[in-house]
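One structure is given here, and the rest of the page talks about it.
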Amino acid sequence: MDHEFIHRPEKTSGAGIVLTHGAGGNCRAALTVAAAEALSAAGLLVLRCDLPFRRRKPFGPPHPAGAAEDRAGLKDAVERVRAMVTGPVYLSGHSYGGRQASMLAAEEPGLVEGLLLFSYPLHPPDKPQQLRTAHFPALRTPAVFVHGTKDPFGSAVELKAAIELIPATVRLVTVEGAGHNLKRGTFDMSGLAGYLEGGT
């Protein structure tokens, strides 16, 4: 089974992006594929890849002890994309993948020029007190959060309050009526590149 795919744009903008998945899926997830196609159509080289935990096992959630290895895998992917493009490099992930991307960016400022985070898992469902925001004050990379208004991992209102902890430029894009997988609601993927390149 292939664990990564490269989408090369017909007309490049010079930028590149690493795109990864959530805890329950892989890089073949519908949202990940749709985002990759939209970003490639907008001129970005896209590396759509599985996180290390998914490379080790085809099913099941990641183990907390493996999170650092997952971040190391993302860093390696970023460095490979950096070698393939001449412009800025971005990092993107859905849910768990986005959380690890943001933690990596907080640990290594300047690694990427921006983050695109789909359905950030602000807290476990029905446990709003267990916020996953400890690294937010150290995050100095511009970030775009794309979030459904019916996401059980955190409401748009909760997320809006939480991202005020981030000292970088941040934008919240809400998808009305969408849950954690962003399947419902209306969301125009064609605008993703614009959010990254000038919309943060």
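Observations
- Residues that are in contact with a strand residue (DSSP E or B) (Cβ under 6 Å, 6 or more places away or on another chain), at pLDDT 95 or above and among the hydrophobic types (A, V, I, L, M, F, W, C) occur in the range 151-166; there is at least one.
- Exactly one residue among Ala138, Ala168 is farther than 19 Å from His94 by Cβ and over 17 Å from the mean Cα position of the chain (by Cα), and that residue is Ala138.
- Residue match in the range 158-167 (condition: crowded, with 16+ Cβ neighbours inside 10 Å, part of a loop (DSSP other than H, G, I, E, B), touching a Gly at 6+ places or on another chain (Cβ under 8 Å) and of a type outside the set (Gly, Ala, Ser)): no
- Entirely in the range 40-127, the strands (runs of 3 or more DSSP E) that have 1 or more residues that are modelled with pLDDT of 95 or more and of a type in the set (S, T, N, Q): 89-94
A quick yes/no check of all residues on (1) farther than 17 Å from His21 by Cα; (2) surrounded by fewer than 16 Cβ atoms within 10 Å (Cβ to Cβ); (3) in contact with a Cys (Cβ under 9 Å, 6 or more places away or on another chain); (4) not aliphatic (A, V, I, L, M):
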site	(1), (2), (3), (4)
Glu107	yes, yes, no, yes
Ser119	no, no, no, yes
Pro124	yes, yes, no, yes
Gln129	yes, yes, no, yes
Ala134	yes, yes, no, no
Pro137	yes, yes, no, yes
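The values are calculated or read from the model by the stated rules, or taken from the named source; none is laboratory data. No experiment lies behind these values; they were computed from the predicted model shown. Reconstructed Cβ throughout: ideal geometry from the backbone, glycine too, with neighbour counts over all protein chains shown.
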